[in-house]
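So the structure is just underneath, and the comments pick up after that.
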Amino acid sequence: MRTAAEQRTRRAVAVLASGLLAAALVAGCTSEDDQPSPPSAQASPSPSTTAGDPAQGFSTPVEDRVYPDVGDPGVDALHYDLRLAWDPGSRTLDGVETVELRATTDADHLQLDLARPLEVTRLTLDGADAPYRHRGKDLVVDAAVTRDSRHTLVIRYSGEPGPVPAPVQRKDFSETGWTVTDDGGAWTMQEPYGAYSWYAVNDQPSDKALYDFTLRVPAPFVGVANGELLDREQVRGGPVTYTVTRWRLDAPASSYLVTVAFGDFTTVTDESSTGVSISYWTPAGRPDLLKRVRRAPEALAWLEDRLGPYPFDTLGILVVDSQSGMETQTMITLGDTRYATSPEVLVHEIAHQWYGDLVTPVDWRDMWMNEGMATYLQGVWMAEDQGVAITDVMDYWATFEDDERAKAGPPADYDPAFFGSSNVYYGPALMWDELRQRLGDDEFWALVRDWPGVHADGNADYDDITSWWSERSGEDLSGFFDSWLLGETTPDRG
Ligand SMILES: [Zn+2]
């Protein structure tokens, strides 16, 4: 996700371009100065089991150290089939959901997250009606399961979904999940959680799964989701004509990277220089927005030069009524603002397809793994675009980094109430540039390119990535990473 504080990025570029760098200090994006104690750094949660190929949706779920109340490590979802019908008039969602899952431990129940405005009307487990409880957002199926046993849950549900509160102090959003627009459309952004506002899900980053979607809505609205558009048809239902689209995401995704939107979208498709299909879904009657986001092939080509081939089969850009941008996997969701549709945000969100989507943090403590590199790549792009040195961009970002760290905590040990604050963006970006200077460009960029493939389709944590950099560089970098990621103050820059 791009941060509200990145608004300053745009100003930084203007400032850099006009040579008035020292004059630019902009107010922070957080509003609270009181500092609850951040949680102490803990050892990595002990994994449950790894029972199969990550590319097929097998994961090693853990209890999230930052947000332990969401998600359950007892479930390893492999595949979600979501058949969703949206009524823009009544703002009602009807879902038939089939979840293929693995139990990760012997237990007397299976637990998913599903927000209470949605009412389960029928639930079967392996073909038979099963007893369940739905209290708060916890959907608990009472059934004895054994470790590594495979199950099929079918859940029928209905209701008027809405967003859920987000643990953030940001200006661009305060809620996540299902968001209804004035014209009866809907869209979703759901980091760090909030997918449970519209389907039953193990809503945590450590559980990746494959997805199929069938989306039905009265025409001219159309449903958009992650992955490849398999087909689109018009279907008569009484006096109403519906648009039915089918989508398939055949690379495993964490729930915060899933997106669905219903609206009156115009669609156009381009192809990148390397043959990747790029589809655009922009609001009808807004050719200006389509023109802006059609710089995606250029952004993708720039990133492929540094990171290697794009890791998925398709790319899409979906523009909705939001203030933010989100790296939803293979179908990036952007707000309809000038900044959210800018080239630097395109670079940032496409960079996340490698850093965040292909390889995903085990839990939210290591969000810096996503935002640090996406922000750094964005900064490198900005420097090239503006014809300034990368160190000029870094010097500017460094002017507020310590203050952001003081407000929200160290990047890898932040205050849970300050999710996605500037501290996880700029400090880690500065860190990567320090490492580039220490290792030299050739070695640094070779390793930046290699890392996502090491855990392709899977997850990694702090120890995984920091020890890998030490091994591959032949230098013990543990103190370097610890001081940048766990330190209370910004380390001195070289
Ligand atoms: Zn981001």
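The values are calculated or read from the model by the stated rules, or taken from the named source; none is laboratory data. If you're wondering where the values come from, they're calculated on a predicted model, not measured in any experiment. We place every Cβ from the backbone using ideal geometry, glycine too, and count neighbours over all the protein chains shown.
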Which listed residue, of Val140, Val164, is at pLDDT 95 or above, assigned by TED's automatic domain parsing to the domain that holds Thr243, hydrophobic (A, V, I, L, M, F, W, C) and under 30 Å from Lys407 (Cα atoms): Val164
Consider only pairs whose beta carbons are under 6 Å apart and that are at least six residues apart or on different chains; among these, list those whose first residue lies in region 415-431 and is on the phi > 0 side of the Ramachandran plot and whose second residue is within 11 Å of the ligand (Cβ to nearest atom) and basic (Lys, Arg). none
So which of Asp288, Asp270, Asp264, Asp321 ends up being at pLDDT 95 or above and under 30 Å from Val359 (Cβ atoms)? Asp270
Kindly establish whether Arg306 is out of contact with any Cys (no Cβ under 6 Å at 6 or more places or on another chain), free of Cβ contacts under 8 Å to residues at least 40 places away in the same chain and not assigned by TED's automatic domain parsing to the domain that holds Pro452. no
Inside region 365-386, the number of residues satisfying the requirement of being more than 14 Å from the ligand (Cβ to nearest atom) and more than 20 Å from Phe444 (Cβ to Cβ) is 3
Of all residues in region 467-494 being without any contact (Cβ under 8 Å) to a residue 60 or more places away in the chain and of a type in the set (Ser, Thr, Tyr), the one that is nearest to Tyr425 (Cα to Cα): Ser483
State the number of residues belonging to region 331-355 that are among the aliphatic types (A, V, I, L, M) and within 11 Å of the ligand (Cβ to nearest atom). 5
Here the residues within region 134-150 that are touching an Asp or Glu at 6+ places or on another chain (Cβ under 9 Å) and loosely packed, with under 12 Cβ neighbours inside 10 Å are Ala144, Thr146
Give the residue, chosen from Val362, Val393, that is within 29 Å of Ser59 (Cα to Cα), buried (at least 24 other Cβ atoms within 10 Å of the Cβ) and more than 16 Å from the ligand (Cβ to nearest atom). Val362
Any residue in region 364-390 that's outside the structural domain of Ile465 (by TED's automatic domain parsing) and over 22 Å from Asp450 (Cα atoms): show its pairings with residues that are modelled with pLDDT under 95 and within 16 Å of the ligand (Cβ to nearest atom) at Cβ separation under 6 Å, as long as the two are six or more apart or on different chains. none
Matching residues in region 447-486 - criterion: being in a helix (DSSP H, G or I) and touching a strand residue (DSSP E or B) at 6+ places or on another chain (Cβ under 6 Å): Pro452
